Amino acid sequence: MSGLDVRGVSVVYPGKPPVTAVDDASLTVDKGEIVALLGPSGCGKSSLLGAIVGIVETTAGTVAFDGEDVTSTPVHERGFGLVFQDGQLFPHLTVGGNIAYGIHSLPRAQRDARVAELLELVGLEGLAHRKVTELSGGQRQRVALARSLAPSPRLLCLDEPLSSLDAELRQRVADDLREVLTASGITALMVTHDPAEAERVASRVLRMDAGRLV
Ligand code: ADP
Ligand code: MG
């Protein structure tokens, strides 16, 4: 099986009583496919995405990519990227510095070329030296997207990437996001609570409710 293969994943947070955030979830994302995981707040979307990326511990099930079981593989060795809701850029770095963050092992010239290529991809040509504190919300999310694409992850996970933007901007950036993801040919799984956004960005929408895929 090529692409992402999630089977029977559960996430239970310890406590009194324990919280079952994800209950026996199975899904696949084919190579180059853009899938949205849609559901109301608190239904377990972030927990499931976290389990796939490796920042949340699973209590059952397996996560595999291209047939390789990565359930016990540390986050940084999975080759998966993650974009958060608020982008979480480094405020002390420039746009270029943020994008280059994950590709520091590349020689300078190659790194600069990759940054330029990504700036063009997300429509921010020429802004490499701008401070990220001097960008609009939409521009910041584009930088976050470029930063997560820089190391060429085999899977990109996005957790409500547009929800910090106002409604008008969100629609435009959703179209841009789809274009960028499609152009980069990446395999992507995006979490959202907004049905319109899911339809706009993804080619397939999976619904989640109360910890289960429905
Ligand atoms: P969503 O992303 O769909 O809003 P979450 O995955 O964040 O949902 O949360 C699912 C459920 O798990 C919620 O009931 C939430 O309160 C609970 N939860 C999330 N994170 C934790 C945590 N670290 N510890 C305990 N419970 C958590
Ligand atoms: Mg969430």
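The values are calculated or read from the model by the stated rules, or taken from the named source; none is laboratory data. Since this is a predicted model, take the numbers as computed values, not measurements. Glycine also receives a Cβ, built like all others from the backbone with ideal geometry; neighbour counts cover every protein chain displayed.
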Out of L82, L27, L48, which single residue is assigned to a helix (DSSP H, G or I) and in contact (Cβ under 8 Å) with a residue 60 or more places away in the chain? L48
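Would you pick out the residues in region 155-188 that are among the polar types (S, T, N, Q) and within 16 Å of A36 (Cα to Cα)?
Initial filter on region 155-188 (among the polar types (S, T, N, Q)): 163-164, 171, 182, 184, 187.
Hits for region 155-188 are S163, Q171, T182, T187.
Mind telling me which of the residues V75, V53 ends up being closer than 28 Å to D194 by Cβ and in contact with a Cys (Cβ under 8 Å, 6 or more places away or on another chain)? Talk me through it step by step, then tell me what you get.
On the way: V75 fails: in contact with a Cys (Cβ under 8 Å, 6 or more places away or on another chain).
Result: V53 is the single residue among V75, V53 that is closer than 28 Å to D194 by Cβ and in contact with a Cys (Cβ under 8 Å, 6 or more places away or on another chain).
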If A100 satisfies all but one of (1) touching a residue at least 24 places away in the same chain (Cβ under 8 Å); (2) part of a loop (DSSP other than H, G, I, E, B); (3) more than 16 Å from ligand 2 (Cβ to nearest atom), what's the number of the condition it fails? (2)
Note: among V214, V180, V143, just one is more than 16 Å from ligand 2 (Cβ to nearest atom), touching a Gly at 6+ places or on another chain (Cβ under 9 Å) and without any contact (Cβ under 8 Å) to a residue 24 or more places away in the chain, namely V214
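Residues are listed down the side, and each one gets a yes or a no for (1) more than 23 Å from Q141 (Cα to Cα); (2) within 16 Å of ligand 2 (Cβ to nearest atom); (3) among the small types (G, A, S):
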| residue | (1), (2), (3) |
| --- | --- |
| G54 | no, no, yes |
| E57 | yes, no, no |
| A64 | yes, no, yes |
| E68 | yes, no, no |
| P74 | yes, no, no |
| F80 | no, no, no |
| F84 | no, yes, no |
| H104 | no, no, no |
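Only one residue in V75, V53 is within 13 Å of ligand 1 (Cβ to nearest atom), under 17 Å from the mean Cα position of the chain (by Cα) and either surrounded by fewer than 22 Cβ atoms within 10 Å (Cβ to Cβ) or among the β-branched types (V, I, T) (or both). Which one?
On the way: V75 fails: within 13 Å of ligand 1 (Cβ to nearest atom).
Going through V75, V53 in turn, the sole match is V53.
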For region 12-24, which residues satisfy the criterion of being in contact (Cβ under 8 Å) with a residue 60 or more places away in the chain and not acidic (D, E)? T20, A21, V22
Here are V63, V11: which of them is more than 13 Å from ligand 1 (Cβ to nearest atom) and among the aliphatic types (A, V, I, L, M)? V63
For region 85-97, name all the residues that are buried (at least 20 other Cβ atoms within 10 Å of the Cβ) and part of a loop (DSSP other than H, G, I, E, B). G87, L89
Just the residues that are out of contact with any helix residue (DSSP H, G or I) (no Cβ under 6 Å at 6 or more places or on another chain), within 16 Å of M208 (Cα to Cα) and within 16 Å of ligand 1 (Cβ to nearest atom), please, taken from region 14-43. T20, D23, D24, L27, V35, P40, S41, G42, C43
Somewhere in region 204-211, is a residue at pLDDT 95 or above, within 16 Å of ligand 2 (Cβ to nearest atom), crowded, with 16+ Cβ neighbours inside 10 Å and not in a strand (DSSP E or B)? yes
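Suppose the filter is within 16 Å of ligand 2 (Cβ to nearest atom) and touching a residue at least 40 places away in the same chain (Cβ under 8 Å); does S164 pass it? Lay out the reasoning, then the answer.
Values: within 16 Å of ligand 2 (Cβ to nearest atom): yes; touching a residue at least 40 places away in the same chain (Cβ under 8 Å): yes.
So S164 fits the description; yes.
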Whichever residue in region 121-169 is under 11 Å from V95 (Cβ atoms) and in contact with a Pro (Cβ under 9 Å, 6 or more places away or on another chain) and, among such residues, is surrounded by the fewest Cβ atoms within 10 Å (Cβ to Cβ): T133
Could you check how many residues of region 30-46 are closer than 18 Å to V180 by Cα and either among the hydrophobic types (A, V, I, L, M, F, W, C) or within 14 Å of ligand 2 (Cβ to nearest atom) (or both)? 3
